[in-house]
Amino acid sequence: MLISESDSTRKRIILVTGHHIASKRRANFHWLADAYVRAGFEVVFFTCWISWISRLVGDPRFHYFQPDMIKKLVWVREHLGSYVWLTPWHPFTLPWQPLNLLTSPIFNHYPKFPLGEIIPFIQGCSHFIFESTPGLMLFPIFKNLNPIAKTIYRVSDPLALVNLHPVVLEAERIWAPAFDLISTTSEYSLRQFSSLANCHLHYHGLEKTLFDIEMPNPYPPDSINVLFVGNFNLDVDFLMHAANLFPQWLFHIIGPLKNLPRLSNIIAYGEIPFQQTISFIQHADIGLQTRSYSQDAEHFTNSLKVVQYTYCRLPIVAPEFLRTAQQHFFYYRPGDSDSIRQALLQARAFDRTRISRDMIQSWDEVMKSIETDLADTTLAGSKRLRNTSA
């Protein structure tokens, strides 16, 4: 990474996210950043929701930057920058609700930490895109610095699903109506914001050129391979049942997940580079969207992994609460061995050529849809303002 000058001839945009630009795991904000660069923007990936408390609990993001990169605008490649807003502490959820209430007055001060040298870039931006993280609390600060910038709230995951502190949920309640556009990634999230006229549905996209390259098969010859890729909410009970029901099948788990069953046919890889993950998805027999239930888990019907599994024409096994109209989903009742067996057998027997990929968009197409809806909602807001003033 090199520190360099920005390009004042391009429109500037900041993506406020919990991810780091160099992460092994490619989240939807990474792909959106690339799409905006290709569209002619100068993009800064603003990493928040990271503090010295994160360091104490072994946060892997600290592997991706050096101390001299903290609060420094670093250009990782042409027109794509990184800014790590490391703070002394950040809002985190405590296991006992009264403690969350007690810490709320303190955590409400989170956006008051100095932003550092990124301020001039913020002031010159045409767009801000905030992800559903504690970074949402910075919205009024950014708007005060640059009142004319267009604002987008990209709801990657519902806040309750990722168990964020109540101060973040309150920030969403207050500020969501003030965004020019709310971009949701699932029908479930769209329903949550249905009362707001500025809300639109933009599914996750796919970098199709990467998935169209045939990758080497990572699996043993003549094996049946079932794959889960994810970071949280894995239904471990399902995995235990499934691995015992099908001892000759191999169950591959990619992601920073702990407390997995210790069975010989369960293979855990931890977090691996995204490019390597593609080969596992391409050559799997079944994709697992086997999520344990928590508040707002219904959002997982349209996750980024579902898009990737579907593009590679994988039958998908999921719990009943993720039921959709898609024909290549097969459902089980959590904790029920018979339904788990049936779902896996049906998925294994399904004709994969019947899986349609027609509705899957590239990230460039998703970005263009977001920009089109942003222009439409901005125009509609201007008309409402003129009518009110008349």
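The figures follow:
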read-out: Label zone at residue 53, where the point sits 7 Å out along the Cα-to-Cβ direction: segment 170-193 residues whose backbone N lies under 19 Å; value: 170-172
read-out: Listed residue pairs exceeding 24 Å between alpha carbons, taken from 143/305; 11/72; 143/208; 71/208; value: 143/305; 143/208; 71/208
read-out: Residue 321/residue 372 FRET efficiency (R0 30 Å; Cβ-Cβ; nearest 0.05); value: 0.40
read-out: Furthest towards positive pole of dipole, 270, 220, 123, structure part the chain, Cβ charges; value: 123
read-out: Residue-span extension gain [residue 117 to residue 294] - 0.36 nm each, minus C-alpha spacing; value: 59.8 nm
read-out: On Cα atoms only, tilt of 97-107 relative to the major axis of the chain in degrees; value: 30
read-out: Degrees between helix 236-245 axis and first principal axis of the chain (Cα, 0 to 90, nearest 10); value: 20
read-out: Rounded to 10°, Cα long-axis angle of helix 363-389 versus longest principal axis of the chain; value: 40
read-out: Charge dipole of segment 317-358 about the Cα centre (unit charges at C-beta), most positive-ward option of 326, 339, 356; value: 356
read-out: Sparsely packed trypsin sites (Lys or Arg not before Pro) within segment 257-359, loop by DSSP, other Cβ within 10 Å at most 12; value: 258, 262, 323
read-out: Separation in nanometres of the label points that stand 7 Å from Cα toward Cβ, at residue 10 and residue 97; value: 4.7
read-out: Only Lys, Arg (+1) and Asp, Glu (-1) charged, at Cβ; the chain dipole about Cα centre in debye; value: 440
read-out: Förster radius 22 Å - calculated FRET efficiency between residue 126 and residue 22 (Cβ-Cβ, nearest 0.05); value: 0.30
read-out: Positive-end extreme of charge dipole, the chain - chosen from 311, 70, 142 (charges on Cβ); value: 142
read-out: Stretchable slack from residue 274 to residue 141, in nm (0.36 nm times residue separation minus alpha-carbon distance); value: 44.5 nm
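Read the figures in this text as sums done on the coordinates, not as results from a lab. Quick caveat: nothing in here was measured; it's all calculated off a predicted structure. Methodologically, a virtual Cβ is constructed for each residue, glycine included, from the backbone with ideal geometry; neighbour enumeration extends over all protein chains shown.
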